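A quick write-up on the structure given underneath.
The values are calculated or read from the model by the stated rules, or taken from the named source; none is laboratory data. Remember, it's a predicted structure, so these values are computed and weren't measured experimentally. Cβ atoms come from the backbone with ideal geometry, glycine included; neighbour counts cover every protein chain shown. SASA here: full protein model, heavy atoms, side chains in, ligands and nucleic acids out. Shrake-Rupley method; radii C 1.70, N 1.55, O 1.52, S 1.80 Å.
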Amino acid sequence: MRILVLGGTSFVGRAIAADALRSGAEVTLFNRGRTNPDLFPEARHLRGDRDTGDYAALRTGEWDAVVDVTGYRPRQVDQAMTALGDRVGRYLFVSSHAVYHRPGLAPHSDESAPLRAPLREAEELSEETYGRLKVACEQDVTARYGDRATIVRPGKVAGPHDEQRGLTYWARRAARGGRIALPGRPEQPVQVVDSRDLARLVLRLLQDGRPGAFHAVGPAEPTTLGSLIATCAEVAGTGIELVPVPPETAPPPFFPLVRAEPLWPGQQRDPARARAAGLPATPLAVTAADVLAWDRERGEPPLGHGFTPEQEALVLAAHDTR
C-alpha cells in the first residue's frame with residue numbers, strides 16, 4: 001500500500017508513519033522538514049508548508065491513501081485536496097473530540113453525537129475555535145471523497161514523544177512519590193489512547209477501506225484520574241498519597257487531564273465502533289511505563305504545564321490537614 005502522511009515526524013504522525021513502515025507500506029511524508037528531519041530515512045520525504053499553501057511537491061504522484069494529521073483549518077485541508085485531486089484512493093482525516101457539542105452530552109456517546117457549528121475562518125486556535133474548525137474540515141473531506149473518506153476522532157493521546165504532556169506529567173510526578181496535589185477529583189473519569197493503538201487503528205481502517213467516523217479512545221477498561229495516577233506510581237515503584245486541592249490553585253492555562261465535572265461525559269465516549277474495526281487496547285500500565293522511560297531518556301525537560309515542585313510544595317503546605 002502506498003500511503004502519504006501529511007506530517008509524520010512529530011507525535012501522532014510519527015506513530016502512524018512508524019506503524020505504516022512496519023506493515024510494509026510504501027510511505028511518503030509531506031512536511032516542512034523542521035521537526036525530526038532525519039527520522040524515517042526509508043520513507044520518501046516531500047517538502048512543503050501548509051501554513052503558506054505550498055503544496056507544489058504534491059502535484060505529481062499517486063497514493064492508495066492519504067493520512068491528514070496536520071489539518072487544523074479548512075483552508076489547509078481544501079488546499080491539500082485540490083493539490084491531490086483523484087490521485088489518492090482514500091482520505092483519512094485525524095480529527096478530535098473537540099468537534100462535539102458539549103451541552104447535554106451523555107456518557108457513552110457514540111460517533112452520532114451532535115457536532116458543533118462549523119467555523120471556516122479563525123485567526124487563533126483556541127477552545128472556542130479549534131473544534132469548530134475541525135468540524136468544517138471533516139465536512140469538506142466527506143463532501144469531496146464520500147465513501148472514500150474516513151474520520152478518526154482521538155481522545156487524549158498518550159505515549160512516547162508526547163509533547164502534549166498529559167500522561168507525561170503524571171508519570172513523572174508519580175515517579176517522585178509522596179504527597180501529590182490534585183486540583184481536581186480522583187473519581188473523575190479519564191480516557192487516554194496509546195499513540196501506537198491509534199496508529200494501528202488508522203492502518204487497519206486504510207487496509208480495510210472503512211468509511212465513516214471512529215472514536216479512538218482508551219484504555220480498554222473505564223478508569224479514573226485517581227486510578228491513572230496510581231497506575232503511574234505502580235510502574236515506577238513508588239508510594240503516593242493524593243491530596244485533592246481547590247482547582248483555582250492550579251497554574252494556568254490548564255492542568256493535565258483534569259476536567260470540570262460538566263465535561264466528564266466527554267471522558268466516557270463509546271469506542272465500540274473503533275474496537276470492532278481493529279483498535280487495540282494497550283494496558284495503561286504499559287503506556288505509563290513507556291512514557292516514563294522515554295521521559296527519563298530525554299532528560300525530563302520542563303513541561304510547561306502542571307505544578308512545578310516549588311508550586312506544589314506551597315499548595316500542599318497551604319492545604320495540609322494532617
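What figure, in Å² to the nearest 10, do you get for the accessible area of Tyr130 with a 1.4 Å probe and non-protein molecules left out?
The accessible area of Tyr130 comes to roughly 60 Å².
Enter the angle in degrees (range 0 to 90, nearest 10) between the Cα long axis of helix 309-318 and the first principal axis of the Cα atoms of the chain, meaning the one along which they spread out most.
40
For an R0 of 30 angstrom, estimate the FRET efficiency from the Cβ-Cβ distance between Ala276 and Glu163 and round to the nearest 0.05. Could the numbers behind the result be given before it?
Numbers: r = 31 Å, r/R0 = 1.02.
My answer for the efficiency is 0.45.
Would you please put 6-12, 241-247, 140-146 in order of how densely packed they are, using the mean number of other Cβ atoms within 10 angstrom per residue and starting with the highest?
Answer by packing, highest mean first, reads 6-12, 140-146, 241-247.
Tell me, what are the semi-axes, in whole angstrom and largest first, of the equivalent ellipsoid of region 1-137 as set by the roots of 5 times the Cα gyration tensor eigenvalues? Numbers along the way, then the final one.
On the way: eigenvalues 154, 59, 40 Å².
Over the Cα atoms of region 1-137, the ellipsoid semi-axes are 28, 17, 14 Å.
To the nearest 10 degrees, how steeply does helix 225-236 sit against the main Cα axis of the chain, on a 0 to 90 scale?
90
So, counting K/R as plus one and D/E as minus one, what does the shell of residues with Cβ under 13 Å around Leu119 add up to? Mind showing how you got there, number by number?
Working: positive: Arg73, Arg75, Arg116, Arg120, Arg132, Lys134; negative: Glu121, Glu123, Glu124, Glu127, Glu128, Glu138, Asp140.
Residues near Leu119 contribute -1 overall.
Considering only protein heavy atoms and a 1.4 Å probe, what is the carbon-and-sulfur percentage of the accessible area of region 32-75?
Numbers: 1050 of 2440 Å².
About 43 percent, which is the carbon plus sulfur part of the accessible surface.
Counting only other residues whose beta carbon sits under 10 Å from that of Val217, what net charge do I get with K and R as +1, D and E as -1? Provide the component values of the computation, followed by the final result.
Numbers: positive: Arg153, Lys156, Arg269, Arg275; negative: Asp197, Asp270.
The answer is +2.
Please report, as a whole percent, how much of the solvent-accessible surface of region 154-295 comes from carbon and sulfur atoms (probe radius 1.4 Å).
On the way: 2870 of 5230 Å².
Summing carbon and sulfur atoms, their accessible area is 55 percent of the total for region 154-295.
Over region 62-152, with the other protein chains present, what is the accessible area per residue in square angstrom, probe 1.4 angstrom? It would help to have the intermediate numbers written out before the result.
Details: 3990 Å² over 91 residues.
Heavy-atom accessible area per residue stands at 44 Å².
Can you compute the modelled spin-label distance between Asp110 and Leu21, with each label point 7 Å from Cα toward Cβ, in nm?
3.7
Treating the angle as unsigned and between 0 and 90°, give the value, to the nearest 10°, between the Cα long axis of helix 130-145 and the longest Cα principal axis of the chain.
Helix 130-145 sits at roughly 30 degrees to that axis.
Could you pull out the GluC sites (Glu not before Pro) across region 49-132 that fall in loop regions by DSSP (anything but H, G, I, E, B) with no more than 13 other Cβ atoms inside 10 Å?
Values: sites: Glu62, Glu111, Glu121, Glu123, Glu124, Glu127, Glu128; in loops: Glu62, Glu111, Glu121, Glu123, Glu124, Glu127, Glu128.
Of the GluC sites (Glu not before Pro), the ones in loops of region 49-132 whose Cβ has at most 13 other Cβ atoms within 10 Å are Glu62, Glu121, Glu123, Glu124, Glu127, Glu128.
So with the 1.4 Å probe, I'd like the accessible area per residue for region 201-300, rounded to whole Å². Each step should come with its number before you reach the end.
Details: 4490 Å² over 100 residues.
Dividing the accessible area of region 201-300 by its residue count gives 45 Å².
Can you tell me which of Ala149, Ala293, Ala260 moves the most in a GNM of the chain? Springs connect C-alpha atoms under 10 Å apart.
The residue that fluctuates most here is Ala260.
Hand me the trypsin sites (Lys or Arg not before Pro) from region 26-135 located in a DSSP loop with no more than 10 other Cβ atoms within 10 Å, in residue order please. Each step should come with its number before you reach the end.
Details: sites: Arg32, Arg34, Arg44, Arg47, Arg50, Arg59, Arg75, Arg87, Arg90, Arg116, Arg120, Arg132, Lys134; in loops: Arg32, Arg34, Arg50, Arg59, Arg87, Arg116, Arg120.
When the trypsin sites (Lys or Arg not before Pro) of region 26-135 are filtered for loop state and at most 10 Cβ neighbours within 10 Å, Arg34, Arg59 remain.
Please give the contour-minus-distance gain from Glu300 to Arg47: 0.36 nm per residue of separation, less the Cα-Cα distance, rounded to one decimal in nm.
Working: separation 253, 0.36 × 253 = 91.08 nm, distance 3.09 nm.
Gain on stretching Glu300 to Arg47: 88.0 nm.
Please list, by residue number, everything in region 29-69 whose backbone N is under 17 Å from a paramagnetic label point 7 Å out along Cα→Cβ of Glu121.
So the set is 52-53.
Compute the label zone of Thr224 within region 137-168: residues whose backbone N is under 19 Å from the point 7 Å along Cα-to-Cβ.
Correct set: none at all.
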